[in-house]
Amino acid sequence: MPVGRHRRQVRGSVSFQLIVLLVPVFFGLIGFAVDLGRMYSARHDLKLAANSMAQAAALRLTMTDAAIESATTAANYAITTANGRGNMYDFGGGTIGESNGNLNSEAPQFTYYDTASAATGAEGATGGEAGSSAARHVKVTVRGEAPLVFWRFLSLAQEGRLNLVAEAVAGVSAPVCQACGIEPIALQAISIDDTVNFGFVAGTRYTMGYLCNGGPTPAGLAGTQRVPYVLLNKYNESATILADEQTQAFRQGSLGMSPGTDPTYACTRVNAEETIWTNATPNNCNQNQVSTPVRSFLCGLAARFDSSTVPAACSAVAETDTVLGAAPQDTDVAELDDYAAYTGNNRRIITVAIVETASSAPMPILGYRQFLLEPAVGDVTLNSNDTNGRFQALYLGSVMPLRAGRIDGCTLATGPGKVVLHK
């Protein structure tokens with residue numbers, strides 16, 4: 001046999017043998033990539049679920065006796081499959097907290113803390129685990145199993161499953177400098193020397209009365225101190241939905257400032273100057289009458305107690321059904337003297353801007369504080385037809401985290417924050 005032909009046959013034989021030897025290696029690498037990819041995908045799904053649950057829980061940390069129970073319930077809504085939209089894992093095949101026969105997932109674990117450093121386990125952390133009235137941060141731990149196909153041939157994964165753990169920590173941020181979606185009210189400070197509470201006393205009921213000119217100044221309701229407020233100019237004339245002025249005032253009373261990309265209508269900012277709603281300028285006190293936008297706004301506040309009917313004072317407001325459909329009433333509408341006993345869904349908690357003086361002139365925002373709306377004495381809702389635009393509210397301070405806002409742009413020691421993910 002010619003030498004060249006013999007060499008080619010030898011090389012061909014060696015190549016074939018090499019291929020035979022490398023086939024298991026190739027399959028092993030492919031299997032490693034498939035299992036690794038599926039493992040990372042499952043862990044990513046668990047992390048997304050943990051993030052969603054932590055943020056939902058943190059939004060309910062409002063310093064009441066029922067805060068932790070409410071937070072845990074809200075968090076579990078993020079993984080329930082009853083509505084078909086719950087977070088799942090392993091390409092949507094695994095329900096978190098349940099077993100499908102092949103894969104197991106443990107029920108999420110919740111731990112609540114009073115400080116962010118304690119929740120994240122930071123070095124030199126202060127604080128620790130906290131009860132409902134002090135909890136401001138939550139750690140959610142989610143566990144599940146990832147399926148393995150090729151790794152089951154290894155001793156460490158012979159059961160064909162790998163345990164995965166994902167954690168998320170969320171809580172209330174530092175005080176916001178820009179607050180979005182809050183109620184478009186500027187409330188006059190009782191004392192600007194008090195930078196913590198602006199002269200208000202926690203647990204005390206006040207009458208918010210619309211600013212008027214001259215005298216006699218209307219008294220507070222049920223013997224409470226009257227504090228003047230004005231409706232800020234958040235009417236968006238260029239809006240294409242709910243464009244009517246009275247409808248917008250009604251909507252903002254029920255749901256807060258309208259969301260949008262333009263902060264002019266959606267937000268207010270500390271140190272920025274705000275003006276009164278153009279058609280809600282104060283009348284003379286002796287007229288005992290407020291403008292139509294103010295009355296529409298009060299009807300929106302009343303919807304937080306009863307979203308099934310529109311008060312007679314606002315029967316002419318357009319598109320109220322659309323607004324009420326997006327604004328469920330509070331689940332706790334009882335008159336309260338002790339905020340800790342409040343068990344509602346936070347619809348009665350309002351966040352308002354504090355100014356040095358409520359006036360028709362531009363007003364710089366000093367900060368934000370929160371109140372719990374109270375029903376009128378002997379009633380189940382507030383009186384939206386009060387001729388002086390009055391309603392009662394219990395001063396809370398800064399208990400509820402906001403849904404949207406910015407922390408940068410100012411320096412504040414106190415005030416409501418927003419929900420943020422720490423890890």
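Every read-out reported here was derived from the displayed coordinates using simple, explicitly stated rules and does not represent laboratory data. If you're wondering where the values come from, they're calculated on a predicted model, not measured in any experiment. Methodologically, a virtual Cβ is constructed for each residue, glycine included, from the backbone with ideal geometry; neighbour enumeration extends over all protein chains shown.
Normalised by the number of residues in the range 279-336, what is the relative contact order in percent for Cα pairs under 8 Å and 6+ residues apart?
28 percent
Based only on other Cβ atoms within 10 Å, what is the fewest-to-most ordering of 294, 165?
By the 10 Å Cβ count, ascending, the order reads 165, 294.
How long is the gain from residue 106 to residue 83 if the chain were fully straight, where each residue apart is worth 0.36 nm and the alpha carbon distance is subtracted?
Result: 6.2 nm gained on full extension.
Quick check: from the Cα gyration tensor, does the range 227-322 come out rounded (a/c under 1.5), prolate or oblate?
Cα axes put the range 227-322 in the oblate bin.
Which of the lysines could be linked to residue 139 by a straight reach, that is with a Cα gap under 20 Å, when you skip same-chain ones fewer than 8 residues away?
Excluding near neighbours in sequence, the set is 47, 418, 423.
What's the FRET efficiency of residue 225 with residue 315 using the Cβ-Cβ distance as r and R₀ = 41 Å, to the nearest 0.05?
Calculated value: 0.80.
Based on DSSP H runs of at least 4 residues, each adding -39500 (n - 2.57), what is the mean residue ellipticity at 222 nm of the chain after dividing by all its residues, to the nearest 500 deg cm²/dmol?
It comes out at -8000 deg cm²/dmol, rounded to the nearest 500.
Can you tell me the dipole magnitude for the chain around its Cα centre, using point charges on the Cβ only (Lys, Arg +1; Asp, Glu -1), in Debye to the nearest 20?
The calculation lands at about 2200 debye.
Hey, got the Cα dimensions of the range 304-423 along the principal axes, in Å, largest first?
Largest first, the range 304-423 extends 44, 40, 32 Å along its Cα principal axes.
Rounded to two decimals, what is Rg over Rh for the range 178-418 when you use alpha-carbon atoms and the Kirkwood radius?
A ratio of 0.92.
Neighbour counts of other C-beta atoms within 10 Å: give me 321, 244 arranged from fewest to most.
321, 244
How large is the dipole of the range 178-418 about the Cα centre if only Lys and Arg carry +1 and Asp and Glu carry -1, each at its Cβ, rounded to the nearest 20 debye?
With Lys and Arg at +1 and Asp and Glu at -1, about 180 debye.
Arrange 60, 85 by Cβ neighbour counts within 10 Å, fewest through most, would you?
Final ranking by Cβ density, sparse to dense: 85, 60.
For the chain, modelled as a GNM with alpha-carbon contacts under 10 angstrom, which of 94, 84, 127 fluctuates the most?
Residue with maximal mean-square fluctuation among 94, 84, 127: 84.
Build a GNM of the chain with springs between Cα atoms under 10 Å: which of 93, 367, 300 gets the top mean-square fluctuation?
Result for the chain, Cα springs under 10 Å: 93 fluctuates most.
What is the chain's relative contact order, in percent, from Cα pairs under 8 angstrom and six or more apart in sequence?
19 percent
Report, as a whole number in µm² per second, the diffusion coefficient that Stokes-Einstein gives for the chain at 10 °C and 1.306 mPa s using the Kirkwood radius over alpha carbon pairs.
64 µm²/s
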